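Trainee: Sending over a structure as structure tokens; questions will come in a sec.
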Amino acid sequence: MSWVALEAKENLVSGTSKPLHLVMMFVAFTVIATIVDLMIVQDITNEAYKYRDSGASTFTVTSPGRVNGEVCDQLSKLPSIIASGAIRIEEEPLETIVLPRGPIASYVVSEGALGVFDVEDSGQVGLFLSSTVASTLGVSSGYPLLLKTGTAQVQGTYHWPSDGRRPGFDYAALIPIPSQSLFDECWVKAWPIPENIQILLRLTVNAPNGDMQIKTDYSQVNTTLGTQFTGYTKLHQRVTQHAPSFTLILGIINGIVLVWARRLELASVQHVGVSWPAQLWQLIIEHGICLLVGSSIVLAIDAVVINHLLPMDMDTLWEIAARVLLCGFFGVLLGTVIGSHRIKANNLSRYFKAR
Amino acid sequence: MQVKLDNIGHSFSGQPFLFRHLSLTLEPHRVYALVGPSGSGKSTLLSILTGWLDPTEGAVEYEGINRVGWVFQNPHGVAHRSAIDHVVLPLLARGLFRSDAVHRAKQLLNDFGLSSATYREFCELSGGEAQRLMLARGIAARPHLLLVDEPTAQLDIQTAQTVDACLGALIQRTTIVVIATHATSTREACSDIINLEKYT
């Protein structure tokens with residue numbers, strides 16, 4: 001049956017298979033479907049990052065003097081918990097020698113809280129200043145900070161933008177202390193957000209004798225983007241989630257049309273003795289080679305688009321692109337089989353008259 | 001090996017019969033000219049002979065006929081494949097090695113006066129060359145019964161003569177040949193004549 005492969009090659013080289021048409025159509029509908037879906041996914045992903053990075057996915061429980069710092073820190077070991085830590089406000093703000101009339105709100109925090117604040121740590125023991133304080137005082141990591149009560153080392157800084165997140169931390173200092181203490185709040189930065197987040201937070205509140213009536217307040221660091229993230233619903237209900245089905249159907253149609261356009265030639269070849277299975281293999285080889293060429297072009301375009309779009313979540317984007325590509329690829333092959341199945345030598349006379 | 005037409009007739013969905021009471025036996029190594037005015041049912045009879053259409057009345061019996069070939073009025077090749085490609089393919093499908101198939105194809109092309117066109121693309125052939133190529137391809141498949149529909153209808157007289165000159169090659173290589181034709185020259189080259197006017 002090597003003649004089948006040779007015949008396929010000759011048909012490709014001579015243009016009988018319409019290889020350019022197939023490659024162009026395949027690249028066009030696959031790339032369009034992929035890019036449209038990627039754009040929409042990118043919008044939803046950006047929304048998700050915005051939600052997460054603005055503190056909307058950082059949940060808090062407040063129970064003054066009852067939050068167990070050790071338990072709170074341990075929550076970060078659970079799946080989808082990025083960081084967790086406890087904080088307590090210090091009644092006495094820090095007063096610097098440089099700006100004695102600008103007291104700095106200070107919080108004692110457990111070690112885990114440094115992860116929640118996403119601090120830049122110099123590794124030296126000391127306190128953490130918000131970037132606003134650091135720039136106002138002209139200090140940075142590793143610098144000494146002259147206080148009225150003595151000298152402290154600046155261990156690092158953290159960023160607290162005004163994007164709707166809880167006020168009070170934009171001009172503040174964090175003082176890390178061992179976790180084996182009691183705090184006022186436990187903060188949990190989670191992604192994706194677990195359904196049982198409140199139950200987890202409740203575990204950090206010490207309840208003497210199992211008293212569940214102790215008052216606890218639950219909130220988020222940033223409530224301006226809503227209490228629930230709707231991105232998952234948007235992702236699963238987006239119109240373009242059907243892009244793979246779309247390319248599958250277009251692929252099938254394309255495969256059928258390509259074969260049907262050659263019905264006279266194919267029926268004629270069957271009529272002079274070429275069997276249907278041999279002809280089908282020939283068509284599969286012809287279209288398969290065109291699709292491999294088309295796929296290489298699509299992958300190159302996808303690579304450019306994905307790298308340009310959102311390099312941080314490339315795996316998901318590649319998965320979406322691959323699904324669309326594979327559906328288009330196998331759609332054309334399926335269409336080829338369907339189209340070929342409909343071509344009969346017995347209909348040669350009809351094809352001839354209808355040409 | 002023969003084809004028996006037993007009192008056949010055909011009409012399309014309530015229309016008057018194109019022909020009826022047609023009984024004859026098509027025998028090996030004979031070339032039949034199927035003649036009659038336009039609309040007398042020549043193409044219909046060819047369709048019946050190939051088995052693609054059942055006659056309205058009567059029956060067709062095939063004895064030892066397994067492969068039926070049909071060469072159409074207008075040549076229908078693959079535009080950018082060479083003449084020899086057209087003839088080699090049915091030979092390969094019959095199981096011949098490529099070298100044997102190419103050798104046989106060249107012989108056939110030579111018999112049909114197409115040696116100079118062997119490696120030319122189908123779209124570069126003249127009308128007469130293309131029609132002769134279709135005849136060569138038609139018999140490459142070794143049909144027991146070859147049906148040829150108006151092979152010279154679209155050709156000028158000179159070109160038609162080149163096609164008629166090939167009918168000898170058909171007779172040598174095919175068991176039974178039926179040619180539907182209007183052309184007197186083609187009719188004269190055949191051994192028998194079936195005039196459908198007699199069966200209306």
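Trainee: What is the log10 of I(q)/I(0) for chain B, computed with the Debye formula using one identical point scatterer on each Cα and no solvent, at q = 0.09, 0.14 Å⁻¹?
Mentor: Relative scattering, expressed as log10 I(q)/I(0), comes to -0.34, -0.79.
Trainee: Could you work out the mean count of beta carbons from other protein chains within 10 Å of each residue's beta carbon in A:272-278?
Mentor: 6
Trainee: Could you bin all the Cα-Cα distances of the protein assembly as shown into 20 Å bins starting at 0 and give me the percent of pairs in each, rounded to whole numbers?
Mentor: 17, 29, 17, 14, 15, 8, 0
Trainee: Can you list the cysteines of chain A that have no other Cys Cβ under 4.7 Å away?
Mentor: If one checks each Cβ against the other cysteines of chain A, A:Cys290, A:Cys327 turn up with nothing under 4.7 Å.
Trainee: Taking each residue of B:86-92 in turn, how many C-beta atoms of other protein chains fall within 10 Å of its C-beta, and what is the average?
Mentor: Mean partner-chain Cβ count within 10 Å for B:86-92: 5.
Trainee: If the limit is 22 Å between Cα atoms, which of A:Lys353/B:Lys106; A:Lys353/B:Lys198; B:Lys4/B:Lys198 go over it?
Mentor: Pairs exceeding the cut-off: A:Lys353/B:Lys106; A:Lys353/B:Lys198.
Trainee: Select from chain B the helices, each a whole stretch of DSSP H, whose alpha-carbon atoms run 18 Å or more along the helix axis and whose Kyte-Doolittle mean is at least 0.0; answer none if there are none.
Mentor: Passing helices, by number: B:127-140.
Trainee: Looking only at other chains, what is the average number of their beta-carbon atoms within 10 angstrom of each beta-carbon in A:265-271?
Mentor: 5
Trainee: Using alpha carbons only, how many degrees (0 to 90, rounded to 10) separate the axis of helix A:276-309 from the longest principal axis of chain A?
Mentor: 30 degrees
Trainee: Would you please give the FRET efficiency between B:Ser23 and B:Ala79, computed as 1/(1 + (r/R0)^6) with r the Cβ-Cβ distance and R0 = 45 Å, to the nearest 0.05?
Mentor: 0.55
Trainee: Given points 7 Å out from each Cα along the Cα-Cβ axis, report the A:Val257 to B:Ser191 separation in nanometres with one decimal.
Mentor: In this crude label model, A:Val257 to B:Ser191 measures out at 5.1 nm.
Trainee: Peptides A:187-194, B:74-81: what's the order by average Cβ count within 10 Å, highest mean first?
Mentor: A:187-194, B:74-81
Trainee: Taking the Cα atoms only, what angle lies between the long axis of helix A:2-14 and the longest principal axis of chain A, rounded to 10 degrees?
Mentor: Helix A:2-14 and the main axis of chain A meet at about 80 degrees.
Trainee: For a protection proxy built on the mean count of beta-carbon atoms within 10 angstrom, sort B:83-91, B:24-32 highest first, please.
Mentor: Listed from highest to lowest mean packing, they are B:83-91, B:24-32.
Trainee: Another question, if that's okay. By how many degrees, between 0 and 90 and to the nearest 10, does the Cα long axis of helix A:19-53 differ from the longest principal axis of chain A?
Mentor: 10 degrees
Trainee: In vacuum, with every alpha carbon of segment A:57-224 counted as one equal point scatterer, what does the Debye formula give for log10 I(q)/I(0) at q = 0.17 Å⁻¹? Two decimals, please.
Mentor: Computed log10 I(q)/I(0) values: -1.00.
Trainee: Normalising by the residue count of segment A:57-224, find the relative contact order in percent from Cα pairs under 8 Å and 6+ residues apart.
Mentor: 39 percent
Trainee: Still on this structure: At q = 0.20, 0.26, 0.28 Å⁻¹, what log₁₀ I(q)/I(0) does segment B:85-137 have when each alpha carbon counts as one equal point scatterer in the Debye sum?
Mentor: -0.62, -0.98, -1.10
Trainee: Then there's this: Any chance you could check the Cα centroid distance between segment B:71-102 and segment B:140-154 for me, in angstrom?
Mentor: For segment B:71-102 versus segment B:140-154, the Cα centre distance is 15 Å.
Trainee: Normalised by the number of residues in segment B:1-134, what is the relative contact order in percent for Cα pairs under 8 Å and 6+ residues apart?
Mentor: It comes to 23 percent, rounded to a whole number.
Quick note: the coordinates plus some simple rules give every number you see, no bench work behind them. Given the structure is predicted, the values throughout are model-derived calculations rather than measurements. For neighbour counting, all protein chains shown are included, and Cβ atoms are generated from backbone atoms with ideal geometry for every residue, glycine included.
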